[in-house]
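One structure is given here, and the rest of the page talks about it.
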Amino acid sequence: MASPGGAALQRHAAVAVLRAAAAAGDLSKGKALHARIITAANFDVVLHNNLISFYAKCGQVGVARKVFDAMPFRNAVSGNLLMSGYASSGRHKDSLALLRVVDFGLNEYVLSAAVAACTHIRSYDMGRQCHAYAVKAGLAEQAYVCNAVLHMYCQCAHMEDAVKVFQNVSGFDEFAFNSMMNGFLDRGQLDGSVRIVKAMVGEVEKWDHVSYVAVLGHCASMKDLVLGGQVHAQTFKRRLELNVFVGSALVDMYGKCDRAHDAQCAFDVLPEKNVVSWTAVMTAYTRNELYEDALQLFLDMEMEEVKPNEFTYAVAVHSCAGLAALRNGNALSACALKTGHWVHLVVGNALMNMYSKSGSIEDAWRVFVSMPLCDVVSWNLIITGYAHHGLAREAMETFHSMLSAGEVPSYVTFIGVLSACAQLGLVDEGFYYLNIMMKEVGVTPGKEHYTCMVGLLCRAGRLDEAERFIVNNCIGTDVVAWRSLLSSCQVYRNYGLGHRVAEQILQLKPNDIGTYVLLSNMYAKANRWDGVVKVRKQMRERGVRKEPGVSWIQVGSDVHVFASEDKVHPQMDQITVKLEELIDQIKAIGYVPNFAVVLHDIEDEQKEEHLMYHSEKLALAFGLIHTPKGATIRIMKNLRICDDCHVAIKLISVVTGRKIVVRDAVRFHCIDGGVCSCDDYW
DNA sequence: CTGACCACGA
């Protein structure tokens, strides 16, 4: 018969064996001991708690629960161990349900585990109840509980409650600060995060690496490069810039502050780069429109044998969208399909965007219907995609399908809807959506919506109303709205109003190149040569230069870039021959070169040649030479297509029987059989 | 704790 001391010794040994078995994940060894414990004469709560811990650590939380249930009595440790078992297997609801078995007593550990479970399942109600219980039990001041409660309120998006708790936190705790920071940042409440940052700056010595990540996130959202640089300097002191989390946050911060090169530098120093760091630096390039560099990084990453995930694919596909690189996008789509990332929402949305931006709304639609899940962004992509392609009727139909499908439209949705209304000239419907539906849905109209309404009135020829609308809706300082009106003055050849509007814009934004171009086009269309000359003179005097026009086309796996009058392409001779042939053909069916769009002071014969070498015509000729008969030709251009090219390409579509899609800086021109989807309003 | 997809016009 063992003495009491011997029993204690035996228990000690048993606990040691259980802990070792748990650490080694040796289930059978623990089970063997469990069998012996069951047969023991006396119940031992400590031993049974260790059994719970053992099974929980071996991922057998169900068995742990059975042990728990079979215990004749339990203590708070029993409950806490089982709850952490549930937590590590993601069974937060089961963890909370355990609170109904309160016979094991509640202490600060159990309560903070309960609050953490509420955080995971984002249950504000349960979280509040736990908080109330903690207050009644006098446990609310305990550091564990307090931080857990604070974190719960932040994650459940109740920052006002979090602030109340935070104000009661005595003394500094980086955990509390980090929770508050992330809570404000996630909600986009930058005024809140500013307050926290200010409080934190005074206590830099207490920051942990999570604090650095949070504050860098704040700098990124605020585009605060000055503070970001200071934080970066601080990380040097502690060698934290080499930490993969801090480093990735630095990369992200520089990227969002428009510093692609600094982002690359922060990335380069990282000794260990993971998929997030790679994706962050790719994103930095993509944000700054350095799409080729972003795609190169995708290849580099593959070389380093880091596996891309759905975010990486989304960013890479987004880069293809920026380049309208349909073939590369297609290739990525195939890779994503093969690796199983295709099913992710972000990848599907990115692909839809890419196809839409590359001029293939049909493919965007195909992705849309194949996606296992879609969200409001997917719907917005289809709606705005249709609108950009001049398919406003389809855009409106899709919007109504969206409502029938029970999806709630967003701020962006209404931008698409209103621009579709504008295209169709649906003035009353436009006002209906703006004044009634947006309010019903709970979306407050912003300047983008008002700008759409200006476009809507303009399109209907109601230019004076459009002008009043701008003034009455307080968007009179918005250059975009005025430019929309000016563009319409050009279409309607209303140079009196156009002149006034241009003056207005140039007061708001001196030397706005878009305004000069519109103004000059307006005079040209109205055959007001004196006006054209005056604008040209003004531009010269003020040193305003037009950005060079560049067009590009993808043939095979290569992208061919053409600048206006740039005759260095190796196949220039062939292209010239083709162009001359085309011009002759379309002249036969009524083409007359439009000298008015030429902004240079040159002779008429030179003007004709100048027009012929516009970048989009070069790209088109090249495309016609190198693609099979009947294939659709897709051309991208950095600026807006010019009037002369628009007419010429429409005629070329007739003589060649080709469908030609031109993506200019604003919209698509889907040209087929001499008709353009833009309806010649642009 | 780090990374992502959609917008008015030019």
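The values are calculated or read from the model by the stated rules, or taken from the named source; none is laboratory data. Note that the structure is predicted; figures quoted are calculated from it, not measured. Counting neighbours? That spans all protein chains shown, and the Cβs are built from the backbone with ideal geometry, glycine included. Protein only, heavy atoms only, side chains kept; ligands, DNA and RNA dropped before computing areas. Shrake-Rupley method; radii C 1.70, N 1.55, O 1.52, S 1.80 Å.
Tell me the mean residue ellipticity at 222 nm calculated for chain A from its helices only (DSSP H runs of n ≥ 4, each -39500 (n - 2.57), averaged over every residue, nearest 500).
Only helices count here, giving -21000 deg cm²/dmol.
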Query raised in the report: Could you state the number of Å between the C-alpha centres of the range A:516-578 and the range A:67-103?
Result: 73
Query raised in the report: When all protein chains stay in place, what accessible area (Å², nearest 10, 1.4 Å probe) is found for A:CYS676?
Result: 10
Requested in this report: Would you kindly derive the ³J(HN,Hα) couplings of the range A:340-348 from the backbone phi angles with the Karplus curve 6.51 cos²θ - 1.76 cosθ + 1.60 (θ = phi - 60°), listing them in order in whole Hz, with x for Gly and Pro?
Outcome: x, 8, 4, 6, 6, 3, 5, 5, x
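With a/c under 1.5 counting as rounded, go ahead and sort the range A:598-671 into rounded, prolate or oblate using the C-alpha gyration tensor (a ≥ b ≥ c being the square roots of the eigenvalues; past the cut-off, prolate if a/b is larger than b/c, else oblate).
Numbers: a/c = 2.17, a/b = 1.54, b/c = 1.41.
Taking the square roots of the gyration eigenvalues as a ≥ b ≥ c, the range A:598-671 is prolate.
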Report summary line: By accessible area (1.4 Å), largest first, A:LYS447, A:LYS357 order as A:LYS447, A:LYS357
Query raised in the report: Please state the relative contact order of the range A:446-542 as a whole percent: Cα pairs under 8 Å, 6+ residues apart?
Result: 21
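Only sites in a loop by DSSP and with at most 14 other Cβ atoms within 10 Å count here; which trypsin sites (Lys or Arg not before Pro) in the range A:564-672 make the cut? Could you put the intermediate results ahead of the total?
Values: sites: A:LYS567, A:LYS578, A:LYS587, A:LYS607, A:LYS617, A:LYS629, A:ARG634, A:LYS637, A:ARG640, A:LYS650, A:ARG658, A:LYS659, A:ARG663, A:ARG667; in loops: A:LYS567, A:LYS629, A:ARG640, A:ARG658, A:LYS659, A:ARG667.
Those that pass, being in a loop and sparsely packed, are A:LYS567, A:LYS629.
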Report summary line: In degrees, nearest 10, the alpha-carbon axis of helix A:479-491 is tilted away from the dominant principal axis of the alpha carbons of chain A by 30
**Report entry** Degrees separating the helix A:4-24 axis from the principal Cα axis of chain A, which is the longest one
**Finding:** 20
Report task. Can you spot the lysines whose alpha carbon is less than 19 Å from A:LYS29's alpha carbon? Ignore those fewer than 8 places along the same chain. Result -> A:LYS57, A:LYS66
Query raised in the report: Relative to the longest principal axis of chain A, what angle (0 to 90°, nearest 10) does the C-alpha long axis of helix A:209-222 take?
Result: 30
Query raised in the report: Between A:ILE635 and residues 5 or more places away or on another chain, which pairs have amide H atoms under 5 Å apart, with H built 1.01 Å from N, and which residues are they?
Result: A:VAL661, A:VAL662, A:ARG663
Query - Amide proton proximity set for A:GLY549, modelled H, under 5 Å, gap of 5+ - result: A:SER564
Query - Translational D in µm²/s for the range A:327-406 (Stokes-Einstein at 10 °C, 1.306 mPa s, Kirkwood Rh from C-alpha pairs) - result: 126
Requested in this report: Report the one residue of A:THR39, A:VAL675, A:ALA140 whose Cα lies farthest in the direction of the positive end of the charge dipole of chain A (charges on C-beta: Lys and Arg +1, Asp and Glu -1; origin at the Cα centre).
Outcome: A:THR39
Report task. Could you go through the range A:405-416 in sequence order and give the Karplus-derived ³J(HN,Hα) for each residue, using 6.51 cos²θ - 1.76 cosθ + 1.60 with θ = phi - 60°, rounded to whole Hz, and x for Gly and Pro? Result -> 6, x, 7, 8, x, 10, 3, 5, 3, 5, 4, x
Requested in this report: Return the whole-Å distance between the Cα centroid of the range A:607-634 and the Cα centroid of the range A:146-200.
Outcome: 59
Query raised in the report: For A:LYS525, which lysines qualify as cross-link partners when the Cα separation must be under 28 Å and same-chain residues fewer than eight apart are set aside?
Result: A:LYS509, A:LYS534, A:LYS537, A:LYS546, A:LYS587, A:LYS607, A:LYS617, A:LYS637, A:LYS650, A:LYS659
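Which whole-number percent gives the relative contact order of the range A:192-261, counting Cα pairs below 8 Å spaced six or more residues apart? Write out the running numbers ahead of the final one.
Numbers: 51 pairs, mean separation 24.7, N = 70.
Reported relative contact order: 35 percent.
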Query raised in the report: How large is Rg over Rh for the range A:4-112, taking Rg from the Cα atoms and Rh as the Kirkwood inverse mean of 1/r across Cα pairs?
Result: 0.96
Requested in this report: Can you tell me the relative contact order of chain A? Whole percent, Cα pairs under 8 Å, sequence separation 6 or more.
Outcome: 5
Query raised in the report: According to the square roots a ≥ b ≥ c of the eigenvalues of the Cα gyration tensor, what is the shape class of the range A:550-676, taking rounded for a/c under 1.5, prolate for a/b larger than b/c otherwise, and oblate for the remainder?
Result: rounded
Report task. Give the accessible area for A:TYR495 in Å² (nearest 10); use a 1.4 Å probe, count only protein heavy atoms, and leave out ligands, DNA and RNA. Result -> 80
Report task. Quote the charge dipole size of the range A:225-281 about the Cα centre in Debye, to the nearest 20; the model charges only the Cβ of Lys and Arg (+1) and of Asp and Glu (-1). Result -> 180
Query raised in the report: What dipole magnitude, in Debye to the nearest 20, does the range A:446-542 give about its Cα centre under +1 on Lys/Arg Cβ and -1 on Asp/Glu Cβ?
Result: 360
Query raised in the report: Reachable lysines from A:LYS307, Cα under 29 Å, same-chain residues fewer than 8 places away excluded?
Result: A:LYS256, A:LYS273, A:LYS338, A:LYS357
**Report entry** Rg to Rh quotient for chain A, alpha carbon positions, Kirkwood Rh
**Finding:** 1.09
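Using a ≥ b ≥ c from the Cα gyration tensor of the range A:410-538 (square roots of the eigenvalues), is it rounded, prolate or oblate, where a/c under 1.5 gives rounded and otherwise the larger of a/b and b/c decides, a/b for prolate?
Numbers: a/c = 2.78, a/b = 2.00, b/c = 1.39.
Verdict is prolate for the range A:410-538.
How would A:ASP293, A:ASP530 rank on accessible area, largest to smallest, probe 1.4 Å? Walk me through the intermediate numbers first.
On the way: A:ASP293 70, A:ASP530 95 Å².
Listed by decreasing accessible area, they come as A:ASP530, A:ASP293.
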**Report entry** Karplus-derived HN-Hα couplings along the range A:567-576 (A = 6.51, B = -1.76, C = 1.60, θ = phi - 60°), whole Hz, x at Gly and Pro
**Finding:** 10, 9, 4, x, 9, 4, 4, 4, 5, 4
Requested in this report: Among A:TRP342, A:THR398, A:THR286, pick out the residue whose Cα is farthest towards the positive end of the charge dipole of the range A:284-398, where Lys and Arg carry +1 and Asp and Glu carry -1 on C-beta, about the Cα centre.
Outcome: A:THR398
Report task. Taking amide H positions as placed in the peptide plane 1.01 Å from N, state which residues far from A:VAL343 in sequence (5 or more) or on other chains have amide H under 5 Å from it. Result -> none
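Using a simple charge model, +1 on the beta-carbon of Lys and Arg, -1 on the beta-carbon of Asp and Glu, nothing else, what dipole does chain A show about its Cα centre, in debye to the nearest 20? Spell out each step's value before the answer.
Values: 66 positive and 71 negative charges, 319 e Å.
Value, rounded to 20: 1540 debye.
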